[in-house]
Amino acid sequence: MNYQRILENIGQQVQREFGKGKVADYIPALARVPPKKFGITVATVEGDEFRFGDSEEPFSIQSISKVFALSLALKLEGAKLWTRVGREPSGNPYNSLVQLEKERGIPRNPFINAGALVTTDTVVSYDQNAGRTMLEYVRHLSQNPAVQYDEEVAMSEKEYGHLNFAMSYFLKSHGNLRCNVEDVLDVYFHQCALAMSCTDTARAFLHLANRGTSPISGEKLVPARRAKRINAVMLTCGLYDAVGNFAYRVGIPAKSGVGGGIVGVIPGVLSICVWSPELDAIGNSRVGAKVLELFTTKTKLSVF
């Protein structure tokens, strides 16, 4: 299949979608990102890569990082993690405090903010240098030792993260946050501020398309069973309260972030990352979702 030609064709088709979304503005560092930035990288299990546009420019991956936190938490805690966080779609905004209160401090899934705070807390509870561990883990997955935290974004996250503070203390009050709130939030804000390119991100997710094994190095990064389960949670919870529509239109496990990135996995075939900062009303990349819909339509590749 000529993936390069497909990406170039899609890049032309989606031009009319620019200008219809809005760059995230609740974090000043994200509000300054030029709205027409646009990149795509496809990484295949055969080891080939295909790129289009601004695919090598780092962007703030934001909630895409929640997949890395979940993977580390499952490695450390195993199935016991699921007593503290669920696996069901939220049907509510990703930062809903109302839902967390209604469900007595047990987040609906690990990809809404409250759930990610629990997975991050799990990592922190096992590791005093959790921030460094997270960074090294992502560098290893992406095979890029230059991946770094964007400190300006991390500080903006902290300054304007009032709801995350509220959720953390609420989780703490229900005994579902083991560590010091400030310590957990420092790691959480930094992981959201990871700066990665489309190529970095596609590579970091490629093992999930290959039953947990890196097609490039041959290293078993996660057990095949865990890779399957992470993909399943991405399919059902990765696009917040737009997961049903995304599954209907696109049909692959994926995770989005308010930095404008969406990364998807087609098991046994490839990983793909799209970056376009303009978001829809729910907080997902408007152009990114359209790109992935066109990609699975043109390639006839999905999990269905």
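With a requirement of 1 or more residues that are without any contact (Cβ under 8 Å) to a residue 12 or more places away in the chain, closer than 13 Å to L235 by Cβ and among the β-branched types (V, I, T), none of the strands (runs of 3 or more DSSP E) lying completely within region 246-291 satisfies it.
Looking at V243, V287, just one residue is touching an Asp or Glu at 6+ places or on another chain (Cβ under 6 Å) and either under 17 Å from E46 (Cβ atoms) or among the hydrophobic types (A, V, I, L, M, F, W, C) (or both), and that residue is V287. Only residues that are surrounded by fewer than 24 Cβ atoms within 10 Å (Cβ to Cβ) and assigned to a helix (DSSP H, G or I) were counted in region 293-304, giving 6.
The residue list S142, S168, S173 contains one member that is surrounded by fewer than 16 Cβ atoms within 10 Å (Cβ to Cβ) and modelled with pLDDT of 95 or more, which is S173.
Kindly indicate the residue of region 80-104 that is modelled with pLDDT of 95 or more and over 21 Å from G244 (Cβ atoms) and also surrounded by the most Cβ atoms within 10 Å (Cβ to Cβ) among those meeting that condition. Across region 80-104, the extreme among qualifying residues is R84. Criterion applied to G238, G161 was being touching a residue at least 40 places away in the same chain (Cβ under 8 Å), of a type in the set (G, A, S) and either outside the structural domain of W275 (by TED's automatic domain parsing) or buried (at least 22 other Cβ atoms within 10 Å of the Cβ) (or both), and the one residue passing it is G238.
Give me the residue from region 204-215 that is closer than 24 Å to R132 by Cβ and surrounded by fewer than 23 Cβ atoms within 10 Å (Cβ to Cβ) and, out of that set, modelled with the highest pLDDT. Going through the qualifying residues, I end up with G212. Scanning region 150-159 for residues that are within 13 Å of M196 (Cβ to Cβ), among the charged types (D, E, K, R) and assigned to a helix (DSSP H, G or I) yields no hits at all. Whether any residue in region 1-24 is of a type outside the set (S, T, N, Q), at negative phi, in a loop (DSSP other than H, G, I, E, B) and without any contact (Cβ under 8 Å) to a residue 24 or more places away in the chain is what I want to check. Within region 1-24, none of the residues are of a type outside the set (S, T, N, Q), at negative phi, in a loop (DSSP other than H, G, I, E, B) and without any contact (Cβ under 8 Å) to a residue 24 or more places away in the chain. Would you point out which residue out of A281, A254, A193 is within 27 Å of E159 (Cα to Cα), buried (at least 19 other Cβ atoms within 10 Å of the Cβ) and small (G, A, S)? Within the list A281, A254, A193, the selection yields A193. Looking only at residues that are in contact with a helix residue (DSSP H, G or I) (Cβ under 6 Å, 6 or more places away or on another chain) and among the acidic types (D, E) in region 148-165, which one is modelled with the lowest pLDDT? Ranking the qualifying residues of region 148-165, first place goes to E157. Please verify whether V14 is of a type in the set (A, V, I, L, M, F, W, C), within 20 Å of the chain's Cα centre (by Cα) and crowded, with 18+ Cβ neighbours inside 10 Å, treating the condition exactly as stated. Against the criterion (of a type in the set (A, V, I, L, M, F, W, C), within 20 Å of the chain's Cα centre (by Cα) and crowded, with 18+ Cβ neighbours inside 10 Å), V14 does not qualify. Annotation note: Cβ proximity below 6 Å between a residue of region 166-177 that is closer than 19 Å to Y94 by Cβ and a residue that is at pLDDT 95 or above and among the acidic types (D, E) (sequence gap 6+ or interchain) occurs for L177/D121.
The values are calculated or read from the model by the stated rules, or taken from the named source; none is laboratory data. Everything quoted here is computed from the prediction, not taken from an experiment. A quick note on method: Cβ atoms are made from the backbone with ideal geometry, for glycine too, and the neighbour counts reach across all protein chains shown.
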